[in-house]
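Where a number appears in this text, it was derived from the coordinates with a stated rule and is not lab data. Because the structure is predicted, anything quoted here is derived from the model rather than measured. Cβ placement follows ideal geometry from the backbone for every residue including glycine, while neighbour counts extend to all protein chains displayed.
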Amino acid sequence: MCFSRPPIVLTCTPAGRRLTFEKQGLETARVCRRLSPFGTGWELLNQNANSPFVDAEPYPAGTIFEYQVQYFCPQGAYRGASNIVCTNSINCNEFPL
């Protein structure tokens, strides 16, 4: 069952790439990241994330990441995924870690 929710928002801060998203009820949110545009798959960053989530891992300037949040009910059933956001669409090179 898919639930409508606001899109996730990506901003870059001195602390890292910040994802803001909305969870519903007791569901869990898995934050995933992949290299763009040639990433081979999603890397799980956090199994039960809270919003906002900050990816503070250092990276070389110019690295482009895509992020997605996957939602699961408390029993573990998949509920859907967020939109995909990309560091390419905002200036994250301003704050390289």
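Miscellaneous remarks
- Residue order, fewest to most surrounding Cβ atoms within 10 angstrom, among L44, L35: L44, L35
- Computed across the chain, the Kirkwood hydrodynamic radius from all distinct Cα-Cα pairs reaches 13.8 Å.
- Taking other residues whose beta carbon is less than 11 angstrom from the beta carbon of Y59, and scoring Lys, Arg as +1 and Asp, Glu as -1, yields 0.
- Of the chymotrypsin sites (Phe, Trp or Tyr not before Pro) in the stretch 1-48, the ones in a loop by DSSP (not H, G, I, E or B) with at most 12 other beta carbons within 10 Å are F3, F38.
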